[in-house]
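The values are calculated or read from the model by the stated rules, or taken from the named source; none is laboratory data. Being a predicted model, the structure only gives us computed values, none of them experimental. With ideal geometry, Cβ positions are generated from the backbone for all residues, glycine too; neighbour counts draw on all protein chains shown. These area figures cover heavy atoms from the full protein model, side chains too; ligands, DNA and RNA do not enter into them. Shrake-Rupley method; radii C 1.70, N 1.55, O 1.52, S 1.80 Å.
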Amino acid sequence: MPRFRHIAVEPLSGACGCEIQGVDLTKPLDAPILNEVMAAFEHFLVIVFRDQQLTPEQHKAFSRYFGELTELPQAPTYDGHTDMQEVRREEHEDKNVVPSFEHFHTDSPFLPRPPLCVVMRALAVPRYGGDTAFSNAYLVYEDLSEGMRKLLDSLQVVYSGKDIWSKNAKLDPDKRLRLRDTHSFSEAELESIHPAVRRHPVTGRKALYATTAYFKRFVGWSEDESRAILNYLQGLAQRAEYQCRVRWRQDTLLVWDNRFLLHRGVHDFKNERRHLIRTTVIGERPI
């Protein structure tokens, strides 16, 4: 683990995640503090800050330390900010209104340059439940057999978001996801082919990059064949030894690495409001 002199770091589990104390995100960060925040992000993959009462512009300013902000075609925007998204479930709504998926996943892998990270803050949370769980995709890959790693190293995945809206329109009105109504993305930008295993652009460390969200098939494989192996891989991410779990409180802010960490919301609450807002930082094309 890196040594930290300017911030206090408390790991959440042996697999990933930490809480950082002693940092005020309403103000620009001095270089020594920022360097240690980035070191914590690189090492733990998800970093948690508590009690951060930020304006939208302060939220965006902190997010830009990680890179350029990007829009998403499918995610509802927040309060007129096209470069901010919201994850909202009102107390009378069913959990299906939030596109959280049933399994651990990575966000928007259909984009040519999927997100590097997500910066998310809680505006309203239920009294209990509504956590976000994370699973370390490096560890999932590294614990596979040599034969399975070699197979996956050779595979590519077709990810597509082209049919999100048409599928949603076929559902009963009370079963539909809350999606963005319009966007400026082209059809070509809604489908991409990416490696099933991706490498960190600096360290070269490999991680699994095949999850069910927006997955269509492996290139050269049938859908049935693809789903058979994907279901096995998806089950591995459920193992507790790869995970950490973050309990939200109002004004909690997290940053997670969307390239090498899988995540899922836990919708184990009813009749209470959960409202999270986020920015999305564009990443590199997976290698």
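Residue count for region 169-192, restricted to those that are in contact (Cβ under 8 Å) with a residue 12 or more places away in the chain and within 22 Å of residue 71 (Cβ to Cβ): 13. Can residue 67 be described as over 17 Å from the mean Cα position of the chain (by Cα), within 24 Å of residue 259 (Cα to Cα), at pLDDT 95 or above and assigned to a loop (DSSP other than H, G, I, E, B)? No. Residue 73 fulfils the conditions (1) in contact with a His (Cβ under 8 Å, 6 or more places away or on another chain); (2) crowded, with 19+ Cβ neighbours inside 10 Å; (3) within 30 Å of residue 128 (Cβ to Cβ); (4) not charged (D, E, K, R) except for a single criterion, (3).
Contact map, region 254-268: first residue at pLDDT below 95 and aliphatic (A, V, I, L, M), second residue assigned to a loop (DSSP other than H, G, I, E, B) and surrounded by fewer than 23 Cβ atoms within 10 Å (Cβ to Cβ), Cβ cut-off under 8 Å, separation 6 or more or different chains; pairs are 266/129; 266/130; 266/131. Give me a count of the residues in region 132-148 that are assigned to a loop (DSSP other than H, G, I, E, B), closer than 25 Å to residue 18 by Cβ and open to solvent by less than 20 Å² (accessible area, probe 1.4 Å). The total comes to 0. Which of the residues spanning region 1-29 are open to solvent by less than 60 Å² (accessible area, probe 1.4 Å) and farther than 26 Å from residue 139 by Cβ? Listed by number, the residues that qualify are 23, 25, 26, 29. Filter region 110-131 down to the residues that are open to solvent by 10 Å² or more (accessible area, probe 1.4 Å), among the hydrophobic types (A, V, I, L, M, F, W, C) and farther than 30 Å from residue 187 by Cα and list them by number. Of everything in region 110-131, those that are open to solvent by 10 Å² or more (accessible area, probe 1.4 Å), among the hydrophobic types (A, V, I, L, M, F, W, C) and farther than 30 Å from residue 187 by Cα turn out to be 123, 124, 125.
Residue 242 meets each of the listed conditions (1) touching a strand residue (DSSP E or B) at 6+ places or on another chain (Cβ under 6 Å); (2) within 30 Å of residue 51 (Cβ to Cβ); (3) at pLDDT below 95; (4) of a type outside the set (S, T, N, Q) apart from (3). Condition check for residue 193 on (1) buried (at least 19 other Cβ atoms within 10 Å of the Cβ); (2) farther than 27 Å from residue 55 by Cβ; (3) modelled with pLDDT of 95 or more; (4) touching a Phe, Trp or Tyr at 6+ places or on another chain (Cβ under 9 Å): one failure, at (1). For region 196-217, filtered to residues that are surrounded by 16 or more Cβ atoms within 10 Å (Cβ to Cβ) and more than 18 Å from residue 262 (Cβ to Cβ), the residue that is farthest from the chain's Cα centre (by Cα) is 217.
Here residue 252 passes the criteria (1) over 20 Å from residue 85 (Cβ atoms); (2) in contact with a strand residue (DSSP E or B) (Cβ under 9 Å, 6 or more places away or on another chain); (3) among the polar types (S, T, N, Q) except the one numbered (1). The condition of being polar (S, T, N, Q) and touching a Ser or Thr at 6+ places or on another chain (Cβ under 7 Å) holds for only one of 70, 77, 26, that being 70. Collect the residues in region 254-280 that are among the aliphatic types (A, V, I, L, M) and within 11 Å of the chain's Cα centre (by Cα), keeping them in residue-number order. Scanning region 254-280 gives 254, 255, 261, 262.
Against the definition (in contact with a Leu (Cβ under 9 Å, 6 or more places away or on another chain), at positive phi and of a type in the set (A, V, I, L, M, F, W, C)), how does residue 54 come out, yes or no? So residue 54 does not fit the description; no. For residue 107, the criteria (1) acidic (Asp, Glu); (2) open to solvent by less than 60 Å² (accessible area, probe 1.4 Å); (3) not in a loop (DSSP other than H, G, I, E, B) hold in every case but one, which is (3).
Of all the residues in region 149-158, those that are free of Cβ contacts under 8 Å to residues at least 12 places away in the same chain and open to solvent by less than 10 Å² (accessible area, probe 1.4 Å) number 0.
Contact annotation: residue pairs with Cβ atoms under 7 Å, 6 or more positions apart or on different chains, pairing a residue in region 30-47 that is open to solvent by 60 Å² or more (accessible area, probe 1.4 Å) with a partner that is of a type outside the set (Ser, Thr, Tyr) and modelled with pLDDT of 95 or more, are 32/6.
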